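Enquirer: Take a look at this one; I'll ask things after.
Please treat every number below as a calculation from the coordinates, not as lab data. Treat the numbers as computed from the prediction; the structure is a model and nothing was measured. Don't worry about glycine lacking a Cβ; one is built from the backbone with ideal geometry, like all the others, and counts go over all protein chains shown.
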Amino acid sequence: MGGDKMALPQGTLDLLILRTLALEPQHGWAISERVQQLSSDVLQIPQGSLYPALHRLERGGSIKAKWGTSDSNRRAKYYELTARGRKRLQAGQSAWSKMTAAVASVLQHA
Amino acid sequence: MLTDLLFRARALLNRGAVDEDLDEELRAHLEAQTRKHQQAGLTRDEARRRAHLEFGGLQQIREDCRDARGISVVDTVAHDLRYAARVLRKDPSFTAIAVLTLALGIGASTTVFSVVNAILLRPLPYPNVERIVLPWRVPPPSSDVGFDEIPWGRVDFLTFAGESQAFEHLGAFLGAAFNLTGAGEPVRFDGARVSAGFFPALGIAPQLGRVFRADEDQPGHELETVISDRLWRDRFGSDPAVVGRTINLNGAVYTIVGVMPAAFTFPQSVGMPGSFVLPKHTALWVPLALSRGPRVRGEPSELAVIGRLTPASNADRAQAELDAFARRMEREFPQGKGWFNARVRSLTRQLAGDTRRPLLLLFGAVAVVLLIACSNIANLLLTRSIARTREFTVRAALGAAPGRLIRQLITESVLLAVMGGLAGVAVAWSGVEFVKAFGPSNIPRLTEVRIDPSVLLFAMAVSLVTGVLFGLAPAWSAAREQLIPSLNDGGHRAGQSARGTRLRNTLLVAEVALALVLIIASGLLVRTFTHLLAADGGFNPDRALTFELTLPSSSYGDGDRTVNLYRTVLQQLQVLPGVVSAGIGETVPMGGAGESTGLRIPGRPANGDLAPPYANYTILSPGYLAAVGTPVLQGRDFLATDTADSMPVAIVNAAMARKYWPGQDAIGKQVGLPIRSFNMTVVGIVANVKHLSLREEPGPEIYVPFTQKPWPSMLTMHVAVRTQADPASMTGAIRAAIRAVDPGLPIASVATLETIVDEAVAQPRFSMLLVGGFGALALLLACVGLYGAVAYSVTSRSQEIGIRLALGAPRRRVFALVLGQGVRITGIGIAIGLVLALLLLKAISGFLYGVEATDPATFVALSLLLLGVALLACYVPARRATRVDPLTAMRAE
């Protein structure tokens, strides 16, 4: 690890999870590893906090879960994106881009 | 939305499986992370530690996941309940003591509340009962009539009723006995003669027919009757066409005009002043038919009055009217000054009356027991929560929120309270049955006592409030407990914190003090009861039978025939084998008050300041005094030779001899009655006989032979028979003897003198038993509390004790050390309790007889008893302390 780490902005964890699952179904540990990797270890996510978010998303119907076998041949709970989840991801991504662009332009011109 | 619902439903229905699911998922994560660190070269333990650190508080995350699933409320409550049940199951002795304590406390309070509810709180079944009042005549304060309420005279009642504005209806009534003859055995019924205003004042309509019209309440029209529901069922088989039928009462033919509803039995002697002779069960009512004529000299005052206030009026206005009336009458009749006063009392208050105070006493006793029970529970839970500090700190360290811990503790308390409450309801149910079975019959409305919804609500409220109260205190201190010190501490010594110990000791001292007050109160009541039993009533209740004879006025109307009949009856009874003596009298001892009369005493100064002489007046036959066992102190009993033609004689009681002839010999003195022109010579002085209560201070009483110009009528007389063997076994022979004289004579109220006395002491016995029971309960609870506290301190100090023993302290020193703790608490408690008892128990002096509320012997004896029992409670754990094995104790840490 090492280097400066950023705390995750409020509400963005769901988006990161959905984005990760857009590639392929994953289980909890793999999701946390993947988010860590993709963010080049800059974002700091307490691993435990992933699970309440997963359960919330599952309840909201954005993802669904089923038990499967992991690469290391162990039982693991796999989450996969649903159609609703895909829509939410797109909406979330465009909202995020708009917001970051807006914030960036304010910061540049202020 | 639908998925959300389905998800929740699945989670709810399948809670166990979902929880396992979550645990497995989280475990899988931790394992994967651990493996990752191991592959990076860490040892397994270090890898696991790192994985847990990176993961965060496992417990917290589990809770958050539950919250995320959105079923947290149901889920956590269920979880808390399951956990609480497990905790309580794991400590069965604690649970049993706590539930038992609560059950007894709640059960006792619910029982008493049920009784109070039925007798004091539940309204009487009369419409607008708050407007029904009884205006009683009251004697002047200087007189010593012996009663607080005295009857109205006919003319006074009619005058007042004619002009009163405050009352909508005003009725007069008096008790009366009726012989029902005709088909079958003659039966005597008690009833009442009532004026036209009586039924409207009470406001109850008949279920059949009608009540008396004003025009029937006049002399010459009174041969009509309204009967009770019971008489209607028993004698007329609930005949719906009973109205218009006739019945034969006292030899005259009465027409039935109405049937009252089942609940209507007014007037009854229960709860009413003892100076009025009222029926135990009222079977029928006939018109009073007061004559409207002028005042007759010597006319008896015998009316009770009941009134319904107008909606615009109130008790104060009625009282003002009565006062104004009294002033006017005093101006008209200055010689009767002071005897016209009346006081209004509400019917509700009257019927609660004498029972109000004993019930309040019980309420006080129960409040004390409940207080002790609650402080015991608080103590138990406090002790336990301190012992469980470590459990809580570990759970807090694992990430359980403080709120969650408090909720857990409250759940435990409430669960305990509910269990205690349910057990308490069971106790209350048996308690109510007990009260109904053993309560004295002179408590009005006792049969109406039952556990009703409001009582149940009361029990639940008590149990829940108790639960939350004693649940919160330990939860609060647990939540504030510092985590680290108590973890380092091992969690044991935290329990010895000075603050906690002081709180628990204060509770114990309070318990001991309250228990002492209660057992002293019950001790005083026990002594009162033994004094009452030993009290000299002026008669001998062993082997004496009494019953009532009522002669039909139609066949025994005039004095000579009555006298002859009684004479024949007595002759028949006296020759029965096994009869020692027999006599008739107007009353029997403890059988109620007789009539009072003014007296003429020649030679007594007619000083205006002196209250006119009066005495209780009773007609007797020879043999009566011997039959009831009243000793003749001086002179003689009446003889068969005292007849209408011989010298008029009288017997007086010792109180009368002392009152009117102080320092002189009363024998041979003259005394006259206002309605007779001649004087009687006193021939005997007898012991004072008590009439209403064994506590009473007997007043002057004069006895007149039944053969000398009897007044009033002797149509209803009591017969007393003293027997050689068990009096009850003579009943058949006595009945046969009476029937041989006149088969039409009904025999009523057959009772031994012993049962009459038993009934008279039933109330004090009942108070004594209940308060005594509560006293024993309080003592038990306080000692359980004491035992628990000392036992707990021995357990938590076992290491210290071990060290002391290892360093060579003698075992008896350790024993004294532990015992000393209990003795100190008990000593302070007893000191405070004694002061409290001195201050509080003045309130019960009205219940006491023959013993002062501050009786030193009772105070000392019961303090010693409490000290002894408390020492016993401390002895067991103190003995255990001396058996502590130093090695085991020190290793245990």
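Enquirer: Between B:Tyr83 and B:Glu697, what is the label-point separation in nm under the 7 Å Cα-to-beta-carbon projection?
Expert: The answer from the label model is 6.9 nm.
Enquirer: From the square roots a ≥ b ≥ c of the eigenvalues of the alpha-carbon gyration tensor of region B:238-365, which class results: rounded (a/c under 1.5), prolate (a/b over b/c), or oblate?
Expert: Because a/c hits 1.5 or more and a/b fails to exceed b/c, region B:238-365 counts as oblate.
Enquirer: Please report the antiparallel percentage of the DSSP beta bridges confined to region B:139-340, to the nearest 5.
Expert: Just about 75 percent of them are antiparallel.
Enquirer: If you take every residue apart from B:Val580 with its C-beta less than 15 Å away from the C-beta of B:Val580, what net charge results, scoring Lys and Arg +1 and Asp and Glu -1?
Expert: -1
Enquirer: Mean Kyte-Doolittle hydropathy of 0.5 or higher plus an axial Cα length of 30 Å or more: which whole DSSP H helices in chain B meet both?
Expert: B:92-116, B:347-387, B:402-438, B:453-480, B:498-534, B:762-796, B:811-840, B:856-882
Enquirer: Could I have the simple spin-label model distance between A:Arg86 and A:Thr100, label points 7 Å from Cα toward Cβ, reported in nm to one decimal?
Expert: 2.3 nm
Enquirer: By its C-alpha gyration tensor, with a ≥ b ≥ c as the square roots of the eigenvalues, how is chain B shaped: rounded for a/c under 1.5, else prolate for a/b larger than b/c, else oblate? Provide the component values of the computation, followed by the final result.
Expert: On the way: a/c = 3.04, a/b = 2.14, b/c = 1.42.
Since a/c reaches 1.5 and a/b is larger than b/c, the shape of chain B is classed as prolate.
Enquirer: Separate question: Do the sum for chain B: with -39,500 (n - 2.57) for every DSSP H run of n ≥ 4, divided by all residues, what is the mean residue ellipticity at 222 nm, to the nearest 500 deg cm²/dmol?
Expert: Mean residue ellipticity, 222 nm, calculated: -17500 deg cm²/dmol.
Enquirer: Round to the nearest 0.05 the FRET efficiency obtained for B:Ser646 and B:Asp758 when R0 = 41 Å and r is the Cβ-Cβ distance.
Expert: So, using R0 = 41 Å, E works out to roughly 0.55.
Enquirer: From Cα pairs below 8 angstrom and at least 6 apart in sequence, can you work out the relative contact order of region B:139-340, rounded to a whole percent? Present the calculation step by step, with values, prior to reporting the outcome.
Expert: Numbers: 379 pairs, mean separation 64.4, N = 202.
After rounding, I find 32 percent.
Enquirer: Hand me the trypsin sites (Lys or Arg not before Pro) from region A:63-110 located in a DSSP loop with no more than 16 other Cβ atoms within 10 Å, in residue order please.
Expert: On the way: sites: A:Lys64, A:Lys66, A:Arg74, A:Arg75, A:Lys77, A:Arg84, A:Arg86, A:Lys87, A:Arg88, A:Lys98; in loops: A:Arg74.
For trypsin sites (Lys or Arg not before Pro) across region A:63-110 that sit outside H, G, I, E and B with at most 16 neighbouring Cβ atoms in 10 Å, the list reads A:Arg74.
Enquirer: Using bins 5 angstrom wide from zero, how does P(r) for region B:716-821 break down, in % of all Cα pairs?
Expert: Distribution as computed: 2, 9, 11, 10, 7, 6, 5, 5, 5, 5, 5, 5, 5, 5, 5, 4, 3, 2, 1, 0 percent.
Enquirer: Now for a separate question. For region A:6-109, what are Rg and Dmax over the alpha carbons, in angstrom?
Expert: 14.8, 54
Enquirer: Hull surface divided by four, with the convex hull built on the Cα atoms of the protein assembly as shown: how many nm²?
Expert: Reported value for the Cα convex hull: 64.1 nm².
Enquirer: List B:Val270, B:Val133, B:Val449, B:Val575 from most exposed to least, where exposure is judged by having the fewest other Cβ atoms within 10 Å.
Expert: Placing the least packed residue first, the sequence is B:Val575, B:Val270, B:Val449, B:Val133.
Enquirer: If you don't mind, there's one more thing I want to ask. Hey, for a label at B:Gln319 modelled as a point 7 Å past Cα toward Cβ, could you say which residues of region B:151-195 have their backbone N under 17 Å away?
Expert: Residues passing the 17 Å test: B:166-167.
Enquirer: Can you sort A:Leu18, B:Leu786 by how many other beta carbons sit within 10 Å, fewest first? All intermediate terms of the calculation are to be shown ahead of the outcome.
Expert: Numbers: A:Leu18 21, B:Leu786 28.
Fewest to most other Cβ atoms nearby, the residues stand as A:Leu18, B:Leu786.
Enquirer: Sticking with this structure for a sec: Could you please rank B:Ser522, B:Ser596, placing first whichever residue has the fewest other Cβ atoms within 10 Å of its Cβ? Walk me through the numbers before you get to the answer.
Expert: Values: B:Ser522 24, B:Ser596 21.
Least to most surrounded, the residues fall as B:Ser596, B:Ser522.
Enquirer: Now, a different point. Can you compute the FRET efficiency between B:Leu887 and B:Val468 using 1/(1 + (r/R0)^6), with r the Cβ-Cβ distance and R0 = 45 Å? Round to the nearest 0.05.
Expert: Efficiency, rounded to the nearest 0.05: 0.50.
Enquirer: Using r as the Cβ-Cβ distance of B:Ser555 and B:Gln670, and R0 as 41 Å, what FRET efficiency do you calculate, to the nearest 0.05?
Expert: Efficiency, from the Cβ-Cβ distance: 0.65.
Enquirer: Right, here's the next one. With N set to the residue count of region B:135-234, report its C-alpha Rg divided by 2.2 N^0.38 Å to two decimal places.
Expert: This ratio for region B:135-234 stands at 1.32.
Enquirer: With the cut-off at 29 Å, tell me which of the pairs B:Lys280/B:Lys690; B:Lys36/B:Lys90; A:Lys64/B:Lys36 have Cα atoms farther apart than that.
Expert: Exceeds cut-off: B:Lys36/B:Lys90.
Enquirer: Counting pairs of Cα atoms in region B:606-759, how many percent are more than 22 Å apart?
Expert: So the portion of pairs separated by more than 22 Å is 49 percent.
Enquirer: What nm distance separates the two modelled labels at B:Lys36 and B:Ser93, each placed 7 Å from Cα along Cα→Cβ?
Expert: Label-label distance for B:Lys36 and B:Ser93, simple model: 5.2 nm.
Enquirer: Find how many whole Å separate the alpha carbon centroid of region B:261-283 from the alpha carbon centroid of region A:34-63.
Expert: Here the two parts' Cα centres lie 84 Å apart.
Enquirer: Given contacts defined as C-alpha pairs under 8 Å and at least six residues apart, what's the relative contact order of chain A, whole-number percent?
Expert: Averaging sequence separation for qualifying contacts and normalising by length gives 28 percent for chain A.
Enquirer: Output the relative contact order of chain B, whole-number percent, from Cα pairs under 8 angstrom with separation of 6+ residues. Intermediate values should be presented prior to the final figure.
Expert: Values: 1527 pairs, mean separation 134.3, N = 893.
Relative contact order for chain B comes out at 15 percent.
Enquirer: Restrict the search to region B:220-329; then list the trypsin sites (Lys or Arg not before Pro) that DSSP places in a loop and that have at most 15 other Cβ atoms within 10 Å of their Cβ.
Expert: B:Arg245, B:Lys280, B:Arg292, B:Arg295, B:Arg297
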